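Since the structure comes first, as C-alpha coordinates, the remarks are kept for the end.
The values are calculated or read from the model by the stated rules, or taken from the named source; none is laboratory data. Worth saying up front: this structure is predicted, and the values here are computed from it rather than measured. Quick reminder, even Gly has a Cβ in these numbers, built from the backbone with ideal geometry, and neighbours come from all protein chains shown. What goes into the accessible areas is simple: the full protein's heavy atoms, side chains included, and nothing from ligands, DNA or RNA. Shrake-Rupley method; radii C 1.70, N 1.55, O 1.52, S 1.80 Å.
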Amino acid sequence: MFVLKRTALSALCLSLILPCTAQVLAQETPAADADAAPATRQALPERSQEDAQALERQVPKDEQQTLQAGSDSFLALWKPANTPAPEGVVIIVPGAGESADWPRTVGPLRRKFPDAKWASLSLSLPDLLAESPVARKETPAPPPQPDKDVKGAPAKATPADANANIAQATAAETENSESAEAPASTDPAASEKADAERIFARLDAAVAYAQQQNARSVVLLGSGSGAYWSARYISERQPPQVQKLVMVAAQNPARVEHSLDSLAATLKLPTADFYYANQAGARQAAVNRLQASKRLKDSSYHQVALTAMPGNQAAEQEQLFRRIRGWLSPQAVD
(Lines give C-alpha, C1' and ligand atoms only; values in the text may rest on other atoms or scores of the structure.)
Protein backbone atom coordinates (compact mmCIF):
# COMPACT_ATOMS: atom_id res chain seq x y z
CA MET A 1 0.00 0.00 0.00
CA PHE A 2 2.80 2.38 0.87
CA VAL A 3 4.51 1.63 -2.45
CA LEU A 4 1.36 2.41 -4.39
CA LYS A 5 1.02 5.76 -2.65
CA ARG A 6 4.63 6.71 -3.48
CA THR A 7 4.09 5.71 -7.12
CA ALA A 8 0.93 7.81 -7.35
CA LEU A 9 2.67 10.76 -5.72
CA SER A 10 5.58 10.54 -8.19
CA ALA A 11 3.20 10.40 -11.13
CA LEU A 12 1.38 13.48 -9.84
CA CYS A 13 4.64 15.43 -9.49
CA LEU A 14 5.71 14.51 -13.02
CA SER A 15 2.34 15.59 -14.39
CA LEU A 16 2.84 19.01 -12.79
CA ILE A 17 6.49 19.46 -13.74
CA LEU A 18 6.43 18.37 -17.40
CA PRO A 19 3.96 21.05 -18.66
CA CYS A 20 5.99 23.79 -16.95
CA THR A 21 9.21 22.48 -18.49
CA ALA A 22 7.65 22.36 -21.94
CA GLN A 23 6.41 25.94 -21.57
CA VAL A 24 9.86 27.20 -20.56
CA LEU A 25 11.48 25.44 -23.53
CA ALA A 26 8.87 26.88 -25.89
CA GLN A 27 9.65 30.38 -24.60
CA GLU A 28 13.41 29.93 -24.90
CA THR A 29 13.41 28.39 -28.39
CA PRO A 30 12.26 31.50 -30.33
CA ALA A 31 14.80 33.63 -28.48
CA ALA A 32 17.56 31.20 -29.39
CA ASP A 33 16.40 31.17 -33.01
CA ALA A 34 16.33 34.95 -33.08
CA ASP A 35 19.89 35.11 -31.73
CA ALA A 36 21.06 32.63 -34.33
CA ALA A 37 19.53 34.53 -37.26
CA PRO A 38 21.92 37.05 -38.85
CA ALA A 39 20.98 40.65 -38.12
CA THR A 40 20.69 43.15 -40.98
CA ARG A 41 22.06 46.64 -40.41
CA GLN A 42 19.66 49.38 -41.47
CA ALA A 43 20.89 51.67 -44.25
CA LEU A 44 21.96 55.01 -42.80
CA PRO A 45 20.17 58.16 -43.98
CA GLU A 46 22.06 60.49 -46.28
CA ARG A 47 24.01 63.28 -44.62
CA SER A 48 22.15 65.79 -46.77
CA GLN A 49 18.84 64.47 -45.41
CA GLU A 50 20.04 64.99 -41.86
CA ASP A 51 21.19 68.52 -42.73
CA ALA A 52 17.80 69.29 -44.29
CA GLN A 53 15.99 68.03 -41.20
CA ALA A 54 18.16 70.28 -39.03
CA LEU A 55 17.42 73.29 -41.26
CA GLU A 56 13.69 72.59 -41.04
CA ARG A 57 13.99 73.16 -37.28
CA GLN A 58 16.19 76.26 -37.57
CA VAL A 59 15.03 78.24 -40.62
CA PRO A 60 11.70 80.13 -40.63
CA LYS A 61 8.90 78.12 -42.24
CA ASP A 62 8.11 80.83 -44.79
CA GLU A 63 11.63 80.41 -46.26
CA GLN A 64 11.32 76.63 -46.72
CA GLN A 65 10.26 75.18 -50.05
CA THR A 66 9.94 71.47 -50.82
CA LEU A 67 10.73 70.88 -54.48
CA GLN A 68 10.22 67.70 -56.46
CA ALA A 69 12.99 66.18 -58.61
CA GLY A 70 11.63 63.02 -60.20
CA SER A 71 10.79 60.67 -57.36
CA ASP A 72 12.89 62.65 -54.86
CA SER A 73 11.71 65.63 -52.84
CA PHE A 74 14.28 68.02 -51.37
CA LEU A 75 14.49 71.17 -49.30
CA ALA A 76 15.29 74.55 -50.82
CA LEU A 77 15.48 77.90 -49.03
CA TRP A 78 13.68 80.78 -50.77
CA LYS A 79 13.96 84.51 -50.08
CA PRO A 80 12.14 86.91 -52.43
CA ALA A 81 13.76 90.17 -53.50
CA ASN A 82 12.89 93.18 -51.33
CA THR A 83 11.69 95.27 -54.25
CA PRO A 84 8.60 95.43 -56.48
CA ALA A 85 10.83 95.04 -59.58
CA PRO A 86 13.40 92.30 -58.88
CA GLU A 87 16.36 91.73 -61.17
CA GLY A 88 15.87 87.96 -61.12
CA VAL A 89 16.66 84.84 -59.09
CA VAL A 90 20.07 83.57 -57.99
CA ILE A 91 20.03 79.79 -57.55
CA ILE A 92 22.77 78.87 -55.06
CA VAL A 93 24.32 75.41 -55.43
CA PRO A 94 26.35 74.35 -52.35
CA GLY A 95 29.46 72.22 -52.51
CA ALA A 96 30.29 68.84 -51.00
CA GLY A 97 29.57 68.79 -47.29
CA GLU A 98 27.69 72.10 -47.42
CA SER A 99 24.02 72.61 -46.59
CA ALA A 100 21.53 75.06 -48.10
CA ASP A 101 22.38 77.54 -45.32
CA TRP A 102 26.11 76.88 -44.94
CA PRO A 103 27.75 79.66 -42.87
CA ARG A 104 30.40 80.38 -45.51
CA THR A 105 29.36 81.75 -48.93
CA VAL A 106 25.98 79.95 -49.19
CA GLY A 107 24.15 81.32 -46.14
CA PRO A 108 25.50 84.90 -46.23
CA LEU A 109 24.82 85.30 -49.95
CA ARG A 110 21.29 83.91 -49.83
CA ARG A 111 20.41 86.45 -47.13
CA LYS A 112 22.18 89.42 -48.76
CA PHE A 113 20.86 89.12 -52.33
CA PRO A 114 17.22 90.11 -51.55
CA ASP A 115 18.41 93.58 -50.45
CA ALA A 116 20.24 93.90 -53.79
CA LYS A 117 17.03 93.30 -55.81
CA TRP A 118 17.79 89.60 -56.40
CA ALA A 119 15.71 86.76 -55.01
CA SER A 120 17.70 83.77 -53.76
CA LEU A 121 16.94 80.06 -53.91
CA SER A 122 19.46 77.90 -52.06
CA LEU A 123 19.42 74.17 -52.76
CA SER A 124 20.36 71.02 -50.88
CA LEU A 125 22.16 68.44 -53.02
CA PRO A 126 22.14 64.66 -52.54
CA ASP A 127 25.15 62.73 -51.29
CA LEU A 128 27.35 61.26 -53.97
CA LEU A 129 26.85 57.52 -54.46
CA ALA A 130 30.53 56.84 -53.82
CA GLU A 131 30.06 58.14 -50.28
CA SER A 132 26.81 56.32 -49.47
CA PRO A 133 26.97 53.48 -46.89
CA VAL A 134 25.11 50.24 -47.59
CA ALA A 135 23.45 47.71 -45.33
CA ARG A 136 25.38 44.60 -44.42
CA LYS A 137 24.68 41.39 -42.53
CA GLU A 138 26.31 40.81 -39.16
CA THR A 139 27.30 37.18 -38.56
CA PRO A 140 26.82 36.07 -34.93
CA ALA A 141 29.88 34.96 -33.04
CA PRO A 142 30.37 31.17 -32.79
CA PRO A 143 29.64 29.56 -29.39
CA PRO A 144 32.68 29.15 -27.10
CA GLN A 145 34.39 25.77 -27.28
CA PRO A 146 34.66 23.73 -24.05
CA ASP A 147 38.07 23.29 -22.50
CA LYS A 148 37.43 19.59 -21.85
CA ASP A 149 36.00 16.80 -23.94
CA VAL A 150 32.74 15.02 -23.15
CA LYS A 151 34.33 12.49 -20.78
CA GLY A 152 35.91 15.24 -18.69
CA ALA A 153 39.45 14.62 -19.90
CA PRO A 154 41.71 17.60 -20.68
CA ALA A 155 41.28 19.07 -24.16
CA LYS A 156 43.66 17.91 -26.86
CA ALA A 157 46.72 19.98 -27.58
CA THR A 158 46.29 22.78 -30.12
CA PRO A 159 47.43 21.72 -33.61
CA ALA A 160 50.54 23.39 -34.97
CA ASP A 161 48.64 25.08 -37.82
CA ALA A 162 45.76 26.38 -35.67
CA ASN A 163 47.11 29.93 -35.50
CA ALA A 164 47.50 29.99 -39.27
CA ASN A 165 43.90 28.86 -39.71
CA ILE A 166 42.68 31.56 -37.33
CA ALA A 167 44.69 34.20 -39.17
CA GLN A 168 43.22 33.10 -42.51
CA ALA A 169 39.69 33.17 -41.13
CA THR A 170 40.22 36.63 -39.63
CA ALA A 171 41.61 37.97 -42.90
CA ALA A 172 38.65 36.55 -44.83
CA GLU A 173 36.19 38.08 -42.36
CA THR A 174 37.91 41.47 -42.63
CA GLU A 175 37.83 41.29 -46.43
CA ASN A 176 34.12 40.43 -46.43
CA SER A 177 33.40 43.27 -44.01
CA GLU A 178 35.25 45.79 -46.15
CA SER A 179 33.46 44.63 -49.29
CA ALA A 180 30.12 44.95 -47.48
CA GLU A 181 30.89 48.59 -46.66
CA ALA A 182 31.79 49.38 -50.29
CA PRO A 183 29.42 51.42 -52.45
CA ALA A 184 26.64 49.60 -54.25
CA SER A 185 28.18 50.43 -57.64
CA THR A 186 31.84 49.70 -58.29
CA ASP A 187 31.81 51.30 -61.75
CA PRO A 188 33.07 54.90 -61.36
CA ALA A 189 31.54 55.99 -64.67
CA ALA A 190 28.13 54.58 -63.72
CA SER A 191 28.27 56.23 -60.28
CA GLU A 192 29.28 59.58 -61.77
CA LYS A 193 26.45 59.41 -64.31
CA ALA A 194 23.92 58.57 -61.60
CA ASP A 195 25.17 61.42 -59.41
CA ALA A 196 24.91 63.86 -62.32
CA GLU A 197 21.36 62.79 -63.12
CA ARG A 198 20.21 63.29 -59.52
CA ILE A 199 21.84 66.70 -59.26
CA PHE A 200 20.59 67.82 -62.68
CA ALA A 201 17.05 66.83 -61.71
CA ARG A 202 17.26 69.14 -58.70
CA LEU A 203 18.64 71.96 -60.82
CA ASP A 204 15.79 71.46 -63.29
CA ALA A 205 13.32 71.73 -60.41
CA ALA A 206 15.01 74.89 -59.12
CA VAL A 207 14.98 76.57 -62.54
CA ALA A 208 11.30 75.65 -62.95
CA TYR A 209 10.51 77.17 -59.54
CA ALA A 210 12.36 80.38 -60.49
CA GLN A 211 10.30 80.57 -63.68
CA GLN A 212 7.12 80.23 -61.63
CA GLN A 213 8.17 83.37 -59.76
CA ASN A 214 8.26 85.27 -63.10
CA ALA A 215 12.02 85.78 -62.85
CA ARG A 216 13.40 88.16 -65.44
CA SER A 217 16.80 86.50 -65.20
CA VAL A 218 18.10 83.26 -63.68
CA VAL A 219 21.67 82.96 -62.42
CA LEU A 220 23.38 79.80 -61.18
CA LEU A 221 25.89 80.36 -58.37
CA GLY A 222 28.01 77.35 -57.40
CA SER A 223 30.16 77.16 -54.29
CA GLY A 224 33.10 74.73 -54.18
CA SER A 225 32.19 71.55 -56.05
CA GLY A 226 28.75 73.09 -56.61
CA ALA A 227 30.47 75.26 -59.22
CA TYR A 228 31.53 72.12 -61.09
CA TRP A 229 28.02 70.66 -61.12
CA SER A 230 26.53 74.00 -62.17
CA ALA A 231 28.98 74.32 -65.07
CA ARG A 232 28.41 70.73 -66.13
CA TYR A 233 24.64 71.17 -65.95
CA ILE A 234 24.82 74.19 -68.24
CA SER A 235 27.23 72.42 -70.59
CA GLU A 236 25.12 69.26 -70.95
CA ARG A 237 21.56 70.54 -70.56
CA GLN A 238 22.03 74.08 -71.95
CA PRO A 239 18.93 75.43 -70.19
CA PRO A 240 17.74 78.56 -72.04
CA GLN A 241 16.32 80.04 -68.82
CA VAL A 242 19.79 80.43 -67.25
CA GLN A 243 21.59 83.60 -68.35
CA LYS A 244 24.73 83.67 -66.18
CA LEU A 245 27.00 81.45 -64.10
CA VAL A 246 28.91 82.47 -60.97
CA MET A 247 31.60 80.19 -59.52
CA VAL A 248 32.98 80.80 -56.01
CA ALA A 249 36.13 78.98 -54.82
CA ALA A 250 35.46 76.36 -57.50
CA GLN A 251 36.64 72.78 -56.95
CA ASN A 252 36.51 69.52 -58.86
CA PRO A 253 34.63 66.72 -57.09
CA ALA A 254 36.57 63.54 -56.43
CA ARG A 255 36.65 60.91 -59.16
CA VAL A 256 35.04 62.79 -62.06
CA GLU A 257 36.04 62.26 -65.65
CA HIS A 258 36.00 65.87 -66.88
CA SER A 259 37.68 68.66 -64.93
CA LEU A 260 36.32 72.14 -64.43
CA ASP A 261 39.09 73.48 -66.69
CA SER A 262 37.51 71.84 -69.71
CA LEU A 263 33.99 72.95 -68.76
CA ALA A 264 34.04 76.55 -67.59
CA ALA A 265 35.91 78.03 -70.54
CA THR A 266 33.64 76.39 -73.14
CA LEU A 267 30.33 77.70 -71.80
CA LYS A 268 28.46 80.02 -74.12
CA LEU A 269 26.93 82.20 -71.41
CA PRO A 270 28.74 84.84 -69.29
CA THR A 271 30.73 83.10 -66.54
CA ALA A 272 32.44 84.76 -63.57
CA ASP A 273 35.07 82.79 -61.65
CA PHE A 274 35.68 84.23 -58.15
CA TYR A 275 38.75 82.77 -56.44
CA TYR A 276 40.97 83.63 -53.47
CA ALA A 277 44.32 84.70 -54.89
CA ASN A 278 46.25 84.40 -51.62
CA GLN A 279 45.56 80.65 -51.45
CA ALA A 280 48.23 78.84 -53.48
CA GLY A 281 46.14 75.86 -54.57
CA ALA A 282 43.15 78.00 -55.56
CA ARG A 283 45.41 80.44 -57.43
CA GLN A 284 47.05 77.71 -59.52
CA ALA A 285 43.70 76.10 -60.36
CA ALA A 286 42.40 79.50 -61.44
CA VAL A 287 45.46 79.99 -63.69
CA ASN A 288 44.69 76.68 -65.39
CA ARG A 289 41.10 77.72 -66.04
CA LEU A 290 42.17 81.11 -67.38
CA GLN A 291 44.70 79.56 -69.75
CA ALA A 292 42.02 77.17 -71.04
CA SER A 293 39.73 80.13 -71.77
CA LYS A 294 42.48 81.94 -73.69
CA ARG A 295 42.79 79.03 -76.09
CA LEU A 296 39.19 79.53 -77.19
CA LYS A 297 37.76 82.22 -79.42
CA ASP A 298 35.00 84.48 -78.10
CA SER A 299 35.11 83.00 -74.62
CA SER A 300 32.62 84.51 -72.13
CA TYR A 301 34.78 83.46 -69.17
CA HIS A 302 35.85 86.14 -66.66
CA GLN A 303 37.97 85.87 -63.52
CA VAL A 304 37.76 87.93 -60.32
CA ALA A 305 40.49 87.66 -57.69
CA LEU A 306 39.52 87.98 -54.02
CA THR A 307 41.50 88.16 -50.79
CA ALA A 308 40.89 85.58 -48.10
CA MET A 309 40.64 87.14 -44.62
CA PRO A 310 41.26 84.49 -41.97
CA GLY A 311 39.76 85.57 -38.68
CA ASN A 312 37.42 88.11 -40.27
CA GLN A 313 34.78 86.07 -42.01
CA ALA A 314 32.19 88.86 -41.99
CA ALA A 315 34.47 91.17 -43.99
CA GLU A 316 35.44 88.37 -46.35
CA GLN A 317 31.79 87.54 -47.05
CA GLU A 318 30.91 91.20 -47.58
CA GLN A 319 33.77 91.55 -50.07
CA LEU A 320 32.50 88.50 -51.96
CA PHE A 321 28.93 89.76 -52.04
CA ARG A 322 29.89 93.22 -53.30
CA ARG A 323 32.05 91.82 -56.09
CA ILE A 324 29.35 89.40 -57.23
CA ARG A 325 26.69 92.11 -57.10
CA GLY A 326 28.91 94.42 -59.10
CA TRP A 327 29.31 91.79 -61.79
CA LEU A 328 25.62 90.89 -61.91
CA SER A 329 24.39 94.50 -61.80
CA PRO A 330 27.14 96.86 -62.94
CA GLN A 331 24.82 99.83 -62.49
CA ALA A 332 24.48 99.14 -58.77
CA VAL A 333 26.06 101.83 -56.57
CA ASP A 334 27.37 100.97 -53.08
Exercise. So between Ala280 and Ala196, what do we pick up on full extension, going 0.36 nm a residue minus the alpha carbon distance?
Worked result: 27.3 nm
Exercise. Say the cut-off is 18 Å between C-alpha atoms; which of Lys193/Lys297; Lys268/Lys294; Lys193/Lys244; Lys112/Lys268; Lys244/Lys268 go over it?
Worked result: Lys193/Lys297; Lys193/Lys244; Lys112/Lys268
Exercise. In what sequence, highest mean first, do 224-232, 119-127 appear when ranked by Cβ atoms within 10 angstrom?
Worked result: 224-232, 119-127
Exercise. To the nearest 0.05, what FRET efficiency results for Gln313 and Lys268 with a Förster distance of 30 Å applied to their C-beta separation?
Worked result: 0.30
Exercise. Counting only the heavy atoms of the protein chains, how much of Leu306 is accessible to a 1.4 Å probe, in Å² to the nearest 10?
Worked result: 0 Å²
